Amino acid sequence: EAKVDEKDEL
Amino acid sequence: NIFRVLASIFILLHKIVQLKSCSGISFKSQMLYLLVYITRYLDLPWTRSSYNFIFKVLFISSQCYIIYLMARAYKPTNDPNLDTFRVEFLLGFAFILAILFPVQYTFLEIAWAFSIWLESVAILPQLFMLQRTGEAEAITAHYLFALGTYRALYIPNWIYRYYTEGPRKVDTIAVVAGVLQTLLYSDFFWIYYTKVVRGEKFKLP
């Protein structure tokens, strides 16, 4: 799972 | 998806400014959304994509403007007596889940999980208010529809990404919370579909 600063969802 | 939430924000701003009134809109829900955006976008200064950066700024600033309109400019049209949902429960729910199952035990990840869980239930004060009055102006119904479909449309997006990019790209917390949020909206969606789409007034049976 992506970390916060790697997420592309808003 | 992005355009849905922007649509919802513009519909709400249009409603408040045009009608010079924020009646029918739950101040508590709006405050919860502000808290959602703030706790989710703590990484704002380090956001890598300029696209995401712009939307994060847009969401936070437009939400602050909505709060300003409701708390200051059009305060007399805001009836706190109808807005009586106990938000402590929602904050507690989001906080407990965020503490129990974060992706990692860092402040940023816990705040992010908190914001996701809080968003999934932030509409409840608004739906509760709607239930007390039993009806809504068409524009309020459109606003709620746009807000609700924003997260609901993520569901087909996640399914698509699961097959194209693989299971590692899927955030369990976001998916569970997104499904929960859509379920909470489902009643509203149904009435919206059977009444408002056919040109009738939004009225609870």
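The values are calculated or read from the model by the stated rules, or taken from the named source; none is laboratory data. For clarity, every value in this text was computed on a predicted model and none was experimentally measured. Reconstructed Cβ throughout: ideal geometry from the backbone, glycine too, with neighbour counts over all protein chains shown.
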Handout entry: The listed residue being over 16 Å from B:F145 (Cβ atoms), of a type outside the set (K, R) and either at pLDDT below 90 or out of contact with any Asp or Glu (no Cβ under 7 Å at 6 or more places or on another chain) (or both), out of B:I159, B:I191
Key = B:I159
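Okay, residues lined up against (1) touching a strand residue (DSSP E or B) at 6+ places or on another chain (Cβ under 7 Å); (2) within 13 Å of chain A (Cβ to nearest Cβ); (3) closer than 30 Å to B:E109 by Cα; (4) of a type in the set (K, R):
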residue	(1), (2), (3), (4)
B:A138	yes, no, no, no
B:G148	no, no, yes, no
B:W158	no, yes, yes, no
B:V170	no, yes, yes, no
B:I173	no, yes, yes, no
B:F189	no, no, no, no
B:Y193	no, no, no, no
B:P205	no, no, no, no
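Out of the range B:3-22, which residues are free of Cβ contacts under 8 Å to residues at least 60 places away in the same chain and either surrounded by fewer than 21 Cβ atoms within 10 Å (Cβ to Cβ) or within 29 Å of B:N157 (Cα to Cα) (or both)?
Here is the first cut: in the range B:3-22, the residues free of Cβ contacts under 8 Å to residues at least 60 places away in the same chain are B:3, B:6, B:9-10, B:13, B:16-18, B:20-22.
Hits for the range B:3-22 are B:F3, B:L6, B:I9, B:F10, B:L13, B:V17, B:Q18, B:K20, B:S21.
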Handout entry: Residue check for B:L153: surrounded by 12 or more Cβ atoms within 10 Å (Cβ to Cβ), over 20 Å from B:L19 (Cα atoms), touching a residue at least 60 places away in the same chain (Cβ under 8 Å) and under 18 Å from the mean Cα position of the chain (by Cα)
Key = yes
Practice task
Select, from B:I159, B:I173, B:I155, the only residue that is farther than 18 Å from A:L10 by Cβ, assigned to a helix (DSSP H, G or I) and of a type in the set (V, I, T).
Solution key: B:I159
